[in-house]
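Since the structure comes first, as structure tokens, the remarks are kept for the end.
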Amino acid sequence: MSAPIVRTRAELRAMTAGWRRAGETIGVVPTMGALHDGHLSLVARAKSTADRVIVTIFVNPKQFNNPEDLKNYPRTEHEDARKLERFGVDAIYVPDGAQMYPEGFATNVSVTRMTDILCGAHRAGHFDGVATVVAKLFLQTSADFAFFGEKDFQQLQVVRRMARDLDIPVEVIGCPTIREIDGLAMSSRNLLLSDRARARAATLYEVMEDMGDALSAGALVADLLSDARRRLDAAGFGEIDYLELRRNDTLDLLERAEVPARLFAAVWMAGVRLIDNIDVTPA
Ligand code: AMP
């Protein structure tokens, strides 16, 4: 069954008001489209949690720090709607720029501290763009539950912080990273890789898994970095934006896995920036 595509706030409000009157709960899955099985796992989780599910598709210009990246970002609305058919979602909300940022729009939602590191340090303004659009989507959908992937772990923590700090009554639910058979984390940006670059990209996960095993056994991050760099370099990766171990909760930097931690990476492959993170459980 194909879900109605809703393009305006007014239409969305009319739908959600009806659901609210009937006492139904609402789940939202915010995406930028080019849907893959990672996104669809969030949709499945939403369907099993909330009475009504809205998938949003909006390529948010405010979270792109690079105009080329925004221009090249894959846009596949028709296929996305088709992929959502089997889930029976209640609405696909596809606002345009004017719906989200009408003439005169002048507000910015900015989460401090945890946005100065990792992707925040490399993508100026990115998390302000994310926090602003997600706050708007929470308010527009009046969702009780929102589903985000651990693939973008920093984003998940930023969104949790923002909702808590602004008293938005939504429960933010983190969902595990879905991977390709060879371990590469699914990402809409993988579509931008050539076959050759795509085949080599899985080395990132292999290197991270090996680092994760050594870290769980007590190794120091500093002792693992040169070997990791050499392997990434040999696989054709370019610049490493970061390869760091951090606390799961505060995202504070760690030298070894003495508390529940995550290994975070952002690495360039053939002009495409790939990010990943894995759980590192101390032995
Ligand atoms: P995006 O369309 O890339 O903005 O992603 C929309 C949502 O899907 C975000 O909450 C992402 O964290 C999540 N997501 C993206 N890739 C994956 C994946 N491989 N596994 C699980 N969730 C994902």
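Would you pick out the residues in the stretch 22-33 that are among the aliphatic types (A, V, I, L, M) and within 15 Å of the ligand (Cβ to nearest atom)?
Scanning the stretch 22-33 gives V28, V29, M32.
Which of the helices (runs of 4 or more DSSP H) contained wholly in the stretch 145-252 include at least 1 residues that are within 11 Å of the ligand (Cβ to nearest atom) and free of Cβ contacts under 8 Å to residues at least 40 places away in the same chain?
Once the helices (runs of 4 or more DSSP H) in the stretch 145-252 are filtered for at least 1 residues that are within 11 Å of the ligand (Cβ to nearest atom) and free of Cβ contacts under 8 Å to residues at least 40 places away in the same chain, what remains is 153-165.
When residues of the stretch 11-34 are filtered for being without any contact (Cβ under 8 Å) to a residue 60 or more places away in the chain and part of a loop (DSSP other than H, G, I, E, B), how many remain?
Adding up the residues that qualify gives 3.
Name the residues in the stretch 20-71 that are surrounded by fewer than 17 Cβ atoms within 10 Å (Cβ to Cβ) and touching a strand residue (DSSP E or B) at 6+ places or on another chain (Cβ under 6 Å), would you?
Within the stretch 20-71, E24, T49 qualify.
For S41, work out the one condition from (1) modelled with pLDDT under 95; (2) over 21 Å from F127 (Cα atoms) it doesn't fulfil.
(1)
With respect to D213, is the statement that it is more than 24 Å from A46 (Cβ to Cβ) and among the acidic types (D, E) true?
Spelling it out, D213 is indeed more than 24 Å from A46 (Cβ to Cβ) and among the acidic types (D, E).
Do we have M162 as out of contact with any strand residue (DSSP E or B) (no Cβ under 7 Å at 6 or more places or on another chain) and of a type in the set (A, V, I, L, M, F, W, C) here?
Criteria met by M162.
Identify all residues within the stretch 34-80 that are of a type in the set (A, V, I, L, M), within 15 Å of the ligand (Cβ to nearest atom) and either under 21 Å from R13 (Cβ atoms) or touching an Asp or Glu at 6+ places or on another chain (Cβ under 6 Å) (or both); write none if there are none.
If the condition is that a residue be of a type in the set (A, V, I, L, M), within 15 Å of the ligand (Cβ to nearest atom) and either under 21 Å from R13 (Cβ atoms) or touching an Asp or Glu at 6+ places or on another chain (Cβ under 6 Å) (or both), then L35, A46, V53, I54, V55, I57 are the ones that fit.
Rundown of residues vs (1) of a type in the set (S, T, N, Q); (2) surrounded by 16 or more Cβ atoms within 10 Å (Cβ to Cβ); (3) part of a loop (DSSP other than H, G, I, E, B); (4) not assigned by TED's automatic domain parsing to the domain that holds T25, yes/no style:
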| position | (1), (2), (3), (4) |
| --- | --- |
| A81 | no, yes, no, no |
| A98 | no, no, no, no |
| T115 | yes, yes, yes, no |
| G129 | no, yes, no, no |
| V133 | no, yes, no, no |
| F138 | no, yes, no, no |
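The values are calculated or read from the model by the stated rules, or taken from the named source; none is laboratory data. Since the model is a prediction, treat every value here as computed from it, not as a measurement. Cβ coordinates were reconstructed from backbone atoms using ideal geometry, including for glycine residues, and neighbour counts include every protein chain displayed.
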